[in-house]
1. Suppose the filter is farther than 20 Å from TYR47 by Cβ, free of Cβ contacts under 8 Å to residues at least 40 places away in the same chain and either in contact with a Cys (Cβ under 8 Å, 6 or more places away or on another chain) or among the aliphatic types (A, V, I, L, M) (or both); does CYS84 pass it?
2. Considering segment 8-55 alone, what residues qualify as being surrounded by fewer than 16 Cβ atoms within 10 Å (Cβ to Cβ), over 30 Å from VAL104 (Cα atoms) and at pLDDT below 85?
3. Sort out for me the helices (runs of 4 or more DSSP H) sitting completely within segment 45-113 that have 3 or more residues that are touching an Asp or Glu at 6+ places or on another chain (Cβ under 7 Å).
4. Go through segment 96-116 and give me each residue that's of a type in the set (A, V, I, L, M, F, W, C) and surrounded by 13 or more Cβ atoms within 10 Å (Cβ to Cβ).
5. Condition first: of a type in the set (D, E, K, R), within 27 Å of ALA61 (Cβ to Cβ) and assigned to a helix (DSSP H, G or I). Now tell me which residues in segment 117-136 satisfy that.
6. Kindly establish whether THR136 is within 21 Å of GLY39 (Cβ to Cβ), β-branched (Val, Ile, Thr), within 15 Å of the chain's Cα centre (by Cα) and surrounded by 15 or more Cβ atoms within 10 Å (Cβ to Cβ).
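The values are calculated or read from the model by the stated rules, or taken from the named source; none is laboratory data. Please read these numbers as outputs of a predicted model, since none were measured by experiment. Because the Cβ atoms are built from the backbone with ideal geometry, glycine has one as well, and the counts that use them run over all protein chains shown.
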Amino acid sequence: MKRLSMSLLSVFVAVATGCGIGPEIDDFNEAAVAAAAAGCECPGLLYSSEEECREDTIPTAAEQACVEALFKNIEGDYEPHLVCRTSATNRLTNCLNSRTCTDVARLTCGIDYADEVEDCPAFPADVQQELNECRT
C-alpha cells in the first residue's frame, strides 16, 4: 500500500509542478523503456512470453512520473549521472537489437552495460534508493 501511495504522490507532484523537467530525465526514462522492450523481444528463462516480460519490466507512466518528480524536487546537479546512464542504456538497446534471440552474444550486451553503468557517477545512496523505489 505504501508503494501505491508513493507512486500516486509522485504522479501528483509531477503533474502539479509542471513539465519543466530537463530533457535528461525524459531521455533517461525513454532509454529505460526502449531497453526493457528490446530485452523482452527474447523473454528467455524468466518469462513465458514477450507480453509477460513487458508487463513486468517496462517502466509504467507512473514509474516514469515518479522518476521525473524525484529529479525535479531534489537539489543537486544529476545531469552527468543521467546522461551517462542514458548513454549506457541506449548502447544496451542497440546491442540487444543487433542480436537474435539465439545469439549468445546478447549476454555480453548486459555485461557491457553493467560495466558502463559502474563507470558512471554514482548517485548518493538516498537518491539511488528513491530511484529504485520508483521502479518497483
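1. Working: farther than 20 Å from TYR47 by Cβ: yes; free of Cβ contacts under 8 Å to residues at least 40 places away in the same chain: yes; either in contact with a Cys (Cβ under 8 Å, 6 or more places away or on another chain) or among the aliphatic types (A, V, I, L, M) (or both): yes.
So CYS84 passes the test.
2. Correct list: LEU8, LEU9, PHE12, VAL15, ALA16, THR17, GLY18, CYS19, GLY20, GLY22.
3. Working: elements: 50-57, 61-73, 79-97.
Ranges flagged: 79-97.
4. Taking segment 96-116 as the starting set, the residues that turn out to be of a type in the set (A, V, I, L, M, F, W, C) are 96, 101, 104-105, 107, 109, 111, 114.
Listed by number, the residues that qualify are LEU96, CYS109.
5. Restricting attention to segment 117-136, the residues satisfying the condition of being of a type in the set (D, E, K, R) are 118-119, 126, 130, 133, 135.
Pick out the ones that are also within 27 Å of ALA61 (Cβ to Cβ) and you get 126, 130, 133, 135.
Answer for segment 117-136, where residues must be of a type in the set (D, E, K, R), within 27 Å of ALA61 (Cβ to Cβ) and assigned to a helix (DSSP H, G or I): ASP126, GLU130, GLU133.
6. Numbers: within 21 Å of GLY39 (Cβ to Cβ): yes; β-branched (Val, Ile, Thr): yes; within 15 Å of the chain's Cα centre (by Cα): yes; surrounded by 15 or more Cβ atoms within 10 Å (Cβ to Cβ): no.
When the stated conditions are applied, THR136 does not pass them.
Conditions (1) under 26 Å from GLY22 (Cβ atoms); (2) of a type in the set (S, T, N, Q), marked per residue:
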| site | (1), (2) |
| --- | --- |
| ALA38 | yes, no |
| CYS42 | no, no |
| SER48 | no, yes |
| GLU55 | no, no |
| GLN64 | yes, yes |
| ASN90 | yes, yes |
| TYR113 | yes, no |
| GLU133 | yes, no |
